[in-house]
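The next block holds one structure in the form of structure tokens; read it before the comments.
Quick note: the coordinates plus some simple rules give every number you see, no bench work behind them. Worth saying up front: this structure is predicted, and the values here are computed from it rather than measured. Cβ: placed from backbone, ideal geometry, glycine included. Neighbour counts: every protein chain shown.
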There are 2 protein chains.
Amino acid sequence: MSSSKVLPRKSAPRESYHHGDLQAALLEAAVNLVRANGPDHLSLRAVAEQVGVSPSAVYHYFPDKDSLISELGDQLFIKMAEMQAVALGSIPGSSARAARMRYRELGRTYFRWANSEPNLFRLMFGGFCKIEKRGTHESEEAFLMLSKCLDDLLATGVITATMRKYGELISWTAVQGASTLIIEGILPEAAFEELLDGLELAMRGGAK
Amino acid sequence: MSSSKVLPRKSAPRESYHHGDLQAALLEAAVNLVRANGPDHLSLRAVAEQVGVSPSAVYHYFPDKDSLISELGDQLFIKMAEMQAVALGSIPGSSARAARMRYRELGRTYFRWANSEPNLFRLMFGGFCKIEKRGTHESEEAFLMLSKCLDDLLATGVITATMRKYGELISWTAVQGASTLIIEGILPEAAFEELLDGLELAMRGGAK
DNA sequence: CCCATAATCTGAACACTATTCAGATACCGA
DNA sequence: TCGGTATCTGAATAGTGTTCAGATTATGGG
């Protein structure tokens, strides 16, 4: 089953024998197929056909299918970190209010990504890509943004020093878990904003 | 690649033509294969061969491969809920100390399951099983255990009424997220106990 | 400019997969 | 004992990942 939506071929049969930038084209086709059909149900042949190239051509750029998927995962981690950075940049200012908005928006960006592209989120965190260098690197970048955000909250007196210590850990894991539980249909979508309320309250030491 | 460990055949070629309880045998074989090779990389034929039966026999019990996987997911949710119940039952008493131990043990059971069987955890929460009736039912059961646990914490004065309101949401999502992030190698294993410390602190309103 | 060399891609093949279905087999009730 | 039925097999179809010899095209040195 799995409905296996068929995407229209990307472009007419190319004119030149060589493709130009086949690696990038393959990754882009792959991300579209994963988006539509899920990280399982990805077919190498379908990727090749999308690009208009023979299946074996893929093996000049990736040793095997799992490597393509893994590389795709790395790209997604980078894109996600970029979105986080953009979200932070869109809320300047050093007031307590601005710091709180940044905190919430950071979480929302994480969740919005998961919720709008569940299959890509599953690819990232479903054991498909072996995170060894790049993945962890981008994760550390995201971690640092969150740290800075929490520093601001501490500086403006929104959260307590005691809770600051656990800020990254609790925030990150909760947002990650909520994203999973919501896209898998176990928690309702509305649970996310409620979670943000609870997190903020927890961070400020339970005071109103 | 994917190493695709081959498990030894479960039993010698059976004596009787009919199998007895093929459905259960198939699910058991499948869970072992998923455990070893991951939810993707599961082969129907391998499942059938493990049981010593023809590939087509599977289709008398499951309409297709995805249905088998989905059914498997349901079973895992049940087993997980059972483990939670056992964990709770192993710590009786109505003291604050007992209530705190139950809270932590509930989280540890969740994480221990994920960490000891990452591929089964991925199957449960990686979009492989369409959770429609049973899955959500078992999730609600787990939710109720957590609720009771939090009620005890509130009754014994360990946590504040304000935070009690967000207890299930924060605890569940954080434990879920930590499990994912740790088994995917993004957070170190030690992060889990630290998270429990942070959660307890958060629940009690940030007081030491 | 031309040619050799290297990079790139194809075609066909192999072993494997899910899925279907006509038919063989074994059980069970009458 | 017999007929019917649930159960399982065998073979076939279509699609998969992967390999490799060879065809095609780009590139740099004469």
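For the segment B:124-132, counting C-beta atoms of other chains within 10 Å of every residue's C-beta and taking the mean gives 5. When the alpha carbon coordinates of the protein assembly as shown are projected onto the principal axes, the ranges are 62, 62, 31 Å, largest first. Taking chain B as the reference, fit the longest principal axis to its C-alpha atoms, fit the long axis of helix B:167-183 to the helix C-alpha atoms, and give the angle between the two in degrees, 0 to 90, nearest 10. Between helix and principal axis, roughly 50 degrees.
Between the stretch A:133-184 and the stretch B:84-121, the alpha-carbon centres lie 25 Å apart.
What is the fewest-to-most order of A:172, A:113 by other Cβ atoms lying within 10 Å of their Cβ? Walk me through the intermediate numbers first.
Details: A:172 25, A:113 19.
The most exposed by this proxy come first: A:113, A:172.
Going by neighbour counts of Cβ atoms within 10 Å, the residues B:156, B:109 line up, fewest first, as B:156, B:109.
Computed from Cα positions, the angle between helix A:96-116 and the longest principal axis of chain A comes to roughly 30 degrees.
Going by how many other Cβ atoms sit within 10 Å of their own, how do B:159, B:183 line up, fewest first? Please list the in-between numbers first.
Working: B:159 25, B:183 21.
The order, fewest Cβ neighbours first, is B:183, B:159.
In this structure the amide hydrogen of residue A:187, modeled in the peptide plane, comes within under 5 Å of the amide hydrogens of A:182, none closer than 5 places in sequence on its chain.
Would you mind giving the mean number of other chain beta-carbons within 10 Å of the Cβ of each residue in A:35-43, as a whole number? Display every interim value, and only then the final one.
Working: counts 0, 0, 0, 4, 3, 10, 2, 1, 0.
Per residue, the average neighbour count from other chains is 2.
Within 10 Å of the Cβ of each residue in B:65-74, the mean number of Cβ atoms contributed by other protein chains is 1.
Could you list, in their original order, any pairs among B:65/B:148; A:165/B:165; A:79/A:130; A:79/B:65 whose Cα atoms are separated by more than 26 Å?
Details: B:65/B:148 38 Å; A:165/B:165 23 Å; A:79/A:130 17 Å; A:79/B:65 33 Å.
Correct reply: B:65/B:148; A:79/B:65.
Give the whole-number value, in cubic angstrom per residue, of the convex hull volume spanned by the C-alpha atoms of the stretch B:54-183.
On the way: hull volume 14.8 nm³, N = 130.
In the stretch B:54-183, the Cα convex hull volume per residue is 114 Å³.
Could you work out the per residue convex hull volume over the alpha carbons of the stretch B:10-108, in cubic angstrom?
Numbers: hull volume 12.4 nm³, N = 99.
Residue-normalised Cα hull volume stands at 126 Å³.
Annotation note: GluC sites (Glu not before Pro) in the stretch B:103-171 located in DSSP loop regions with a Cβ neighbour count of at most 15 within 10 Å are B:132. Helix B:134-155 axis versus longest C-alpha principal axis of chain B: approximately 20°, rounded to the nearest ten.
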